[in-house]
Amino acid sequence: MRHIRAFVEHRPLAGPIVWVLCAQYFLVQVVVASAWKQLPYSWRDNSISDLAATSCGQFDDRFVCSPLHGLMNISLILLGLTMAIGSALMYQEFRKARSGFYLMGVAGIGAILVGFFPENTMYPIHLLGADLAFVLSNIALIIFGLRLRLPRWSRWYSVGSGTVALVALFLFLSHMDFFLGLGGMERVVAYPQTIWLIVSGLYMLKSRNRRAMIKGDEREYTNCRPVC
């Protein structure tokens, strides 16, 4: 823990940068989905995990055949690592919301399990990983909105994102997908926390760069005061 704290003190932008790297998750989905040839991937009717299935065939009444499944599984593992590592780095600075960073870190471990155990291999472990990622990450967003010292818009955005995703998870598990379909409703559950990590990472990068510039100007002014 001491080494992590020392690392963060010398590289305060590391945590936000790691969170922003979650953006690869969306890019990889587009690439992997475009590789489906036997039957086009349906963003409405296919689940996210269908992109990572390691064999072709029927799965849960859906035909699944993802040629680039390896890339998708790597993306899921990287997503989990960025969630966990970014949270571990940010955990050092924000004491009031440490429970949120802890939950986000465990949610990242869940995403890693999803990547290591695709839906057509060890489904119970895959499902456990998905549940950890979906439930804990969105609870973490609500905690961030309530505990972090953020602008009002960011607090509302955090609480709203977590709440919407948790309600969508309840509907998803109740098999009520309305007009969104299986894939659409799952994305309402999964995407808010990933988008939040990217937005928050960018915001923190901008605010910290601004603080660094202000401190630099103050030091320069102090140093030149005898001759200015």
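Here the Kirkwood formula puts the hydrodynamic radius of the chain at 18.8 Å, using every distinct Cα pair. Protection proxy ranking of 124-133, 24-33, 80-89, by the mean of other Cβ atoms within 10 Å over each peptide's residues and highest first, is 80-89, 124-133, 24-33.
What a 1.4 Å probe finds exposed on the stretch 68-166 is 73% carbon and sulfur by accessible area, rounded to a whole percent. Average accessible surface for the stretch 65-138: 41 Å² per residue, computed with a 1.4 Å probe over protein heavy atoms with every protein chain in place. Annotation for F94 and I109: the two label points, set 7 Å from Cα along the Cα-Cβ direction, are 2.1 nm apart. Using the membrane-span-like helix rule (whole DSSP H runs, Cα extent along the own axis of at least 24 Å, mean Kyte-Doolittle hydropathy at least 0.5), which helices of the chain qualify? What comes out of the filter, once short or polar helices are dropped, is 69-91, 98-116, 123-147, 152-173. Count Lys and Arg as plus one, Asp and Glu as minus one, and take only other residues whose Cβ is under 12 Å from that of A130; the net charge is then -3. In this structure the amide hydrogen of F59, modeled in the peptide plane, comes within under 5 Å of the amide hydrogens of V64, none closer than 5 places in sequence on its chain. How would the stretch 20-85 be classified by its alpha-carbon gyration tensor: rounded, prolate or oblate, with rounded meaning a/c under 1.5 and the a/b versus b/c comparison settling the rest? The shape class here is prolate.
Modelled label positions at Y123 and L202, each set 7 Å beyond Cα in the direction of Cβ, lie 3.8 nm from each other.
The values are calculated or read from the model by the stated rules, or taken from the named source; none is laboratory data. Only a predicted model underlies this, so the values are computations on that prediction, with no experimental measurement involved. When we count neighbours, we look across all protein chains shown, and the Cβ atoms used for this are built from the backbone with ideal geometry, even at glycine. Heavy atoms of the whole protein, side chains included, go into the accessibility calculation; ligands, DNA and RNA do not. Shrake-Rupley method; radii C 1.70, N 1.55, O 1.52, S 1.80 Å.
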